Structure formats: structure tokens, C-alpha cells
Amino acid sequence: MVIFGVIGTKGGVGKTTLSANIGALIADMGLRVLLVDADIQASLSKFYDLDYQAPLGLTEVIHRGAITDACISHTAWERLDIVLCDAPRRQLAGDGSSSDLERFLQNRMDMPMILRRALRAPYIDENYDVVVIDTPGAQGPLLFTAALAADQLVTPVLPETPSAREFRTGTLELLGKLSEAAVLGIRPGPVTAVINRADRTNDAKLVMAEIRQGYLEFGGNVRVASAVIPAAVIYKEAATHRTPVHRMRSIQAFETMHQLVWELLPNLEGVYAGATTDGIESNE
Ligand SMILES: Nc1ncnc2c1ncn2[C@@H]1O[C@H](COP(=O)(O)OP(=O)(O)OP(=O)(O)O)[C@@H](O)[C@H]1O
Ligand SMILES: [Mg+2]
């Protein structure tokens, strides 16, 4: 089993869109996927239709430090399950927490370990091949516990100067904080930056080159994926239709998402959506 944490220290860069799309594509490639919505905005929870809504969700997982069947909902897509975020949002509290769940986590000594322990349980390992965790766009205990639960981190970066700078400073700061967990015996996983919403402007090209140059500063733990996700309305349309983007009629999106998944999971290289299931058309 491989656990991906989709992280970022900036809001609105495409974490939820990426989590939903890579999760669904990997499921369409024949693997069993569990999405985990660890963002109290609950955008991933609303991304796909559900065939079955479990009575419980993320709150129970965090409170108990374990996942049971009662926390796992089924999306309308085959092999794609989800732990829904059921934590109500509320006004930002004085301590910076924005939900009771974050408050609960903040007060726990074992906060960094909670989601990690829950996801690395035999039940999850036996039932899923890949876990994809969507995280909040701001630093806080949920992002922290989610990032430390992951084997690999994926971070979307926009090819715009402010986003690229934030990637360098914010990501570096977050990785620094995460590596403090080494005292607990946890090392943050390797990071793959994914350039998202790239357009054809010269500015975007320059910033992309800068991002690729700049990632060298992070050392061996950070790389930039060769696959670049373009800015394209199909990604928004896919969300509107509650459909994974590779199932929309776009060869570009189909190919880009495959390239990206193959980079993240090299064992899947050459495997296409629908490869193991007769019923899935490949949109080509
Ligand atoms: N490649 C793309 N092309 C065009 N639009 C995109 C692309 N990727 C994401 N978007 C759009 O950008 C917006 C933000 O995306 P998303 O919600 O995935 O970001 P996020 O990082 O999860 O945000 P938050 O920090 O609020 O959780 C959405 O409207 C989404 O449809
Ligand atoms: Mg999001």
C-alpha cells in the first residue's frame, strides 16, 4: 500500500482537484483506492457522487485513531472509497484552530502520529492499494498529521511568481517542521511538485523554468514532475460533472493524468484506465 498526501502551503492551487483525479484514475487502472478528506472545507467529500454514505467519517478516525468500516463511504466509481470530512467548520478561534477537530488534534501529544497510525492498520493494508489524502491549504494540525501519515507527498505549484516563491519558502518551512518529527521516528516522504494550471504565456514558461531550477535547493527529497497540468476548462467541467477528468472527452487530460500517475507510481507505467475492466471506455 502507498499513501499519498496532497499538500501545499497555499490555498487554491489545485490540491483537491488533483487528489480527486489521481485517486479516480488509479482506481480505473484497477487498484483499490481510499480517498481521505482531511480538509474541513470538505471539498473532496463533495467532489464525487456517493453510492453509500457511511455513518461516520474523519472525526471518528481522528478521535479514535483508527478506521473502521463505519467511516468508509463508497463513491459512485468502482474501487474508489472515501473517508468523508464530517467536521463542522466554525469561526477561527483565538488559538488559530478553525474546527473542533483541529482543536482536538492540537491538544494531543501524539498529534503527528494519529492519522499515520489509523492508516497504517492491517484493515487498510488488506483492503486498499493506494490512499490519497487531501489536506487544508493552511498550516495547522490537520495538514501536519496528514503529511506525516503519507509515504509520498505531492504538491501542486502554479507557474506564477507568488506561487513559485511560496513553494520555495512555504514548502521548505513545512518540510523543516515535518522533519522535526524525526524524533518520533517518522521521516517525511519524498515530495513531487506538480506544476498545475500552466498556460502558454512567456511568464509561465519563465516561472516553470525557475521552479525546476529552484527545486534543486531542496536536495534529493524534492523533485518536479515532468508531467505539467495545463490550465484548461476541462478540469473545472470535470468537477462540475462529478467525473474524473480522464473520463471526460479530452485526450490532453487523459494523457497528462496518465503521465503523472506513472511518475508517481512507476509500477503502473504503461497501464491505462480500464486496463483491467472491460466496461471502462478509454475516451480515445
Ligand atoms: N488545471 C486546472 N485548470 C483549470 N482550473 C483548475 C485546474 N486545477 C484546478 N482548477 C480549479 O482551480 C480551483 C481551485 O482548485 P482546488 O479546489 O482543487 O484547489 P485547492 O488547493 O484544493 O484549494 P483549497 O486550498 O481551498 O483547498 C477550482 O475551481 C478548480 O476547478
Ligand atoms: Mg482543497
- Return the only residue of Pro162, Pro156, Pro112, Pro136 being in a loop (DSSP other than H, G, I, E, B) and not β-branched (Val, Ile, Thr). Pro136
- Item | Out of Ala66, Ala20, sole residue that is touching a residue at least 12 places away in the same chain (Cβ under 8 Å), within 16 Å of ligand 2 (Cβ to nearest atom), open to solvent by less than 60 Å² (accessible area, probe 1.4 Å) and out of contact with any Gly (no Cβ under 9 Å at 6 or more places or on another chain) | Ala20
- Task: Filter the stretch 67-102 for residues that are modelled with pLDDT of 90 or more and more than 20 Å from the chain's Cα centre (by Cα) and give the result.
- Result: Thr68, Asp69, Ala70
- Query: Can Ile26 be described as more than 21 Å from Val222 (Cα to Cα), more than 9 Å from ligand 2 (Cβ to nearest atom) and open to solvent by less than 10 Å² (accessible area, probe 1.4 Å)?
  - Reply: yes
- Task: Scan the stretch 118-128 and give yes if some residue there is aliphatic (A, V, I, L, M), open to solvent by 40 Å² or more (accessible area, probe 1.4 Å) and more than 18 Å from the chain's Cα centre (by Cα), otherwise no.
- Result: no
- Listed by first then second residue, the pairs whose first member lies in the stretch 129-155 and is surrounded by fewer than 18 Cβ atoms within 10 Å (Cβ to Cβ), whose partner is aromatic (Phe, Trp, Tyr) and outside any helix (DSSP H, G or I), with beta carbons under 8 Å and at least 6 positions apart or on separate chains, are Asp151/Phe4; Gln152/Phe4
- Look through the stretch 206-242, keep the residues that are at pLDDT 95 or above, open to solvent by 60 Å² or more (accessible area, probe 1.4 Å) and part of a helix (DSSP H, G or I), and return whichever of them is nearest to ligand 1 (Cβ to nearest atom). Lys236
- Of the residues in the stretch 185-218 that are small (Gly, Ala, Ser) and closer than 23 Å to Ala146 by Cβ, the one that is nearest to ligand 2 (Cβ to nearest atom) is Ala193
- Message: Just to be sure I understand the filter: pairs with C-beta atoms under 7 Å, separated by 6 or more residues or on different chains, first member in the stretch 260-274 and open to solvent by less than 10 Å² (accessible area, probe 1.4 Å), second member assigned to a loop (DSSP other than H, G, I, E, B). Which pairs pass?
- Response: Leu260/Ala225; Leu260/Ala227; Ala273/Met29; Ala273/Ile280; Ala273/Ser282
- Message: Criterion first (among the polar types (S, T, N, Q) and within 11 Å of ligand 1 (Cβ to nearest atom)) does Thr68 satisfy it?
- Response: no
- Qualifying residues in the stretch 180-205 (those that are part of a helix (DSSP H, G or I) and open to solvent by less than 20 Å² (accessible area, probe 1.4 Å)) - the one farthest from Ile22 (Cα to Cα): Ala181
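The values are calculated or read from the model by the stated rules, or taken from the named source; none is laboratory data. Here the structure is a predicted model, which is why all the values come from computation and not from measurement. A quick note on method: Cβ atoms are made from the backbone with ideal geometry, for glycine too, and the neighbour counts reach across all protein chains shown. To get the accessible areas, we keep the full protein, side chains included, count just its heavy atoms, and leave off ligands, DNA and RNA. Shrake-Rupley method; radii C 1.70, N 1.55, O 1.52, S 1.80 Å.
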